[in-house]
Amino acid sequence: MPANGAPIFAPWDDPDAKPLIRFENVTKRFGDFTAIDNLTLDIYEREFFALLGPSGCGKTTMMRMLAGFETPTEGKIFVGGQDMGPIAPNQRPVNMMFQSYALFPHLSVYENIAFGLRRDGKPKDEIHHRVEEMLRMVRLQKFAKRKPHQISGGQRQRVALARSLAKEPKLLLLDEPLGALDAKLREDTQFELMDIQEKTGTTFVIVTHDQEEAMTVASRIAVMDEGKVMQVSTPDRIYEFPDNAYVADFIGDVNLIEGRSSAAIDETVQIEWAEGQQAITAQTQRPIAAGQKVFYAIRPEKVTISPDRPADAVNAAQGKILDIAYLGNLSTYHVQLPTGQVIKSQMANTRRISRRPYTWEDQVWVSWTKTGGSVLEG
Amino acid sequence: MRRYLVIALPYLWLLGLFLVPFLIVLKISLSDLNLSIPPYMPQLDPSAGWEGLKDFFSQLDFENFVFLTEDDLYWKAYLSSLKIAVVATLLTLCVGYPMAYGMARAPSEWRPTLMMLVILPFWTSFLIRVYSWMGILSNEGFLNQFLLWTGLISEPLVIMNTTTAVYIGIVYTYLPFMILPIYSALEKMDDSLLEAAEDLGCSRLQAFWLVTFPLSKSGIIAGCFLVLIPSIGEFVIPSLLGGSDTLMIGKVLWEEFFNNRDWPVASAVAVILLAILVIPIILFQRNEQKQREADG
């Protein structure tokens, strides 16, 4: 994160910035199956870029095209302004950290890290120096002589990272790098990855299906589905201002309400969503036509629960508590409205519960502000 | 108790079918040739009691082993067998490795079929298959007829009854023993290792020498021993396909038994052959052990 006064790192907002990687109308087909569908995307230098999506969405295919293991059916990929089409994987300024780590089982940790450097025919002492430096970075000096099967999963992951960074690539690709680690180790490693990325200044592109991981490490996220990019933005904008119902639903928990909107007046619309319910008043910058079908997306933590209708609430509805999920720091309430619709509300447990303020079957009010949610075109 | 019974069964099997026959052969090798049935002496006579047993052991000696060192036919035969076996093993490796590699790289739906094709010859008797090589390699055989027909040669090639024919026979017969261990080593190799090697700057050929080949090393060693060990003592192939100049210890052993009817000398030849084979067998076991440790 930038210190106070330093410019915020956001080359994607700078119209003069040259991207390091450019996907230009890239399509990839495997037989009849379209893995990547006419995709255009820019990734900038020093970015920690996440490709996020469910399995089969094409994110791994994109990464493999960057590494050179797949060639686009149509379109072009540029790295540093150079068309990657005719360049073989072993000639690209790109290194990859494989999901399985792909450590050479017959070589020691040291030899694994030195593997790429030796192929470049660098002098011996330079290689030694660089390998030592890498071992220090991932704190594995003591394990240099071990074989991959003699170290733990977390250590293997770090060897794989050191090996892929040893050649100082312009771009490092990480394919589900933390998938094989357990939850606690994963969290620590995420911060370690961010640290290393910042220290080395390498551009990282990470493929993951874990949205929390993407939100934690990435400067920008591309949410993908069925070979298409649904939204590219910073983690906070992806969460707070999703472009469409798919992104809103895929990232985090959300209440999605379908309705018909009035025309926007002063960036405010009224959404009719259920018989007998007050229309939702919401703010939006989208040009919405009168009578257009829309989705209203609001995060559970933006929905307040109260025993009586709050006097100043713009949007409110009455219902009864159907379910309570106690998560320790938070509680999630499922409130069923008379229309049958269930609204989720999340409240922080700021006090220890000696007695619950609400219990099952209680009649309560859920309410939210005009700016709390997003109006999405259906 | 029942656990011991389960363990005892294979041990009894080894004892009855390996150790006891070996002790009998060892005993014959220490005996003297005699015109009787069986054609050696002394015979153990249990009715003579303790004195008879002492007498029996006093008549055993190493005379036959000393004889083997005196006649250079025997050590020449051992060396020649070893040489033929080593060369044949290397030839089998050269033929088998590409085949195993091709199988492991083939689309996975093809692999069972290819595997079947490798094993298929086992369904026919080994003897018949060696005899059919006689039909192929002889002067009027299919190979010579074909080559004469194409005009590549004007005189038939003399392959039959030469050491070349023995090499062909051994390579053909033991090829599956080479292919299968190499294939199983190559098949369990993770393809992403090759991609990683390429990603780190290897050409395809470098990736093969630096990754694929070392990772198939245990398969190569296993395959080589599986071919080498039976080839050293091979008897059928040299006697059917080889000529008079093909000297192999298996053939010498057979002649000693059936032509000279000298059981004691033949047994001594067999005991030494076994002692020679113990070395590669131990090496083979150690390779397997190391591989298991690496996999574990």
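The values are calculated or read from the model by the stated rules, or taken from the named source; none is laboratory data. Keep in mind it's a predicted model, so treat the numbers as computed, not measured. Here Cβ is always computed from backbone atoms with ideal geometry, including for glycine, and neighbour counts include all displayed protein chains.
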Residue within segment B:138-149 that is under 25 Å from the mean Cα position of the chain (by Cα) and either closer than 20 Å to residue B:233 by Cα or in contact (Cβ under 8 Å) with a residue 60 or more places away in the chain (or both) present: no
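Collect the residues in segment B:282-296 that are part of a helix (DSSP H, G or I) and either exposed (fewer than 12 other Cβ atoms within 10 Å of the Cβ) or among the aromatic types (Phe, Trp, Tyr) (or both), keeping them in residue-number order. I'd like the intermediate steps shown before the answer.
Taking segment B:282-296 first, the residues part of a helix (DSSP H, G or I) are B:282-295.
Of everything in segment B:282-296, those that are part of a helix (DSSP H, G or I) and either exposed (fewer than 12 other Cβ atoms within 10 Å of the Cβ) or among the aromatic types (Phe, Trp, Tyr) (or both) turn out to be B:282, B:284, B:285, B:286, B:289, B:292, B:293, B:295.
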Can you pull out the residues in segment B:195-219 that are more than 29 Å from the chain's Cα centre (by Cα) and surrounded by 18 or more Cβ atoms within 10 Å (Cβ to Cβ)? B:195, B:196, B:197, B:198, B:199, B:200, B:201, B:202, B:207, B:210, B:211
Of the conditions (1) under 23 Å from residue A:164 (Cβ atoms); (2) touching an Asp or Glu at 6+ places or on another chain (Cβ under 9 Å); (3) of a type in the set (Gly, Ala, Ser), residue A:35 fails just one. Which one is it? (1)
Name the single residue, out of those in segment A:111-130 being more than 34 Å from the chain's Cα centre (by Cα) and more than 10 Å from every other protein chain (Cβ to nearest Cβ), that is surrounded by the most Cβ atoms within 10 Å (Cβ to Cβ). A:127
In segment A:56-110, the residues that are within 21 Å of residue B:210 (Cα to Cα), more than 14 Å from chain B (Cβ to nearest Cβ) and of a type in the set (A, V, I, L, M, F, W, C): A:109
Residue list for segment B:230-266, filter: under 19 Å from the mean Cα position of the chain (by Cα) and surrounded by fewer than 19 Cβ atoms within 10 Å (Cβ to Cβ): B:230, B:233, B:235, B:236, B:239, B:240, B:254
All positions within segment B:178-212 that are at the interface with chain A (Cβ under 7 Å from one of its Cβ atoms) and aliphatic (A, V, I, L, M): B:193, B:196, B:200, B:211
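Among the candidates A:90, A:38, single out the residue that is assigned by TED's automatic domain parsing to the domain that holds residue A:209 and under 28 Å from residue A:198 (Cα atoms). If you could, list the steps in order and put the result at the bottom.
On the way: A:38 fails: under 28 Å from residue A:198 (Cα atoms).
A:90 is the lone residue from the list that is assigned by TED's automatic domain parsing to the domain that holds residue A:209 and under 28 Å from residue A:198 (Cα atoms).
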Please go through segment A:216-240 and give me each residue that is of a type in the set (Ser, Thr, Tyr) and not in a loop (DSSP other than H, G, I, E, B), ordered by number. A:216, A:233, A:239
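Give the residues of segment A:251-279 that are in contact (Cβ under 8 Å) with a residue 40 or more places away in the chain and not polar (S, T, N, Q), sorted by residue number. Outline the logic, then answer.
Kept after step one, since they are in contact (Cβ under 8 Å) with a residue 40 or more places away in the chain, are these residues of segment A:251-279: A:251-258, A:261, A:268-269, A:271, A:274-277.
Answer for segment A:251-279, where residues must be in contact (Cβ under 8 Å) with a residue 40 or more places away in the chain and not polar (S, T, N, Q): A:251, A:252, A:253, A:254, A:256, A:257, A:258, A:269, A:271, A:274, A:275, A:276.
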Is there a residue being under 22 Å from residue A:50 (Cα atoms) and under 19 Å from the mean Cα position of the chain (by Cα) anywhere in segment A:150-159? no
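So that you can scan it fast, the table gives a plain yes or no per residue for (1) farther than 24 Å from residue B:238 by Cβ; (2) modelled with pLDDT under 90; (3) surrounded by 10 or more Cβ atoms within 10 Å (Cβ to Cβ); (4) of a type in the set (Val, Ile, Thr):
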| position | (1), (2), (3), (4) |
| --- | --- |
| B:60 | yes, yes, yes, no |
| B:85 | no, no, yes, no |
| B:95 | no, no, yes, yes |
| B:104 | yes, no, yes, no |
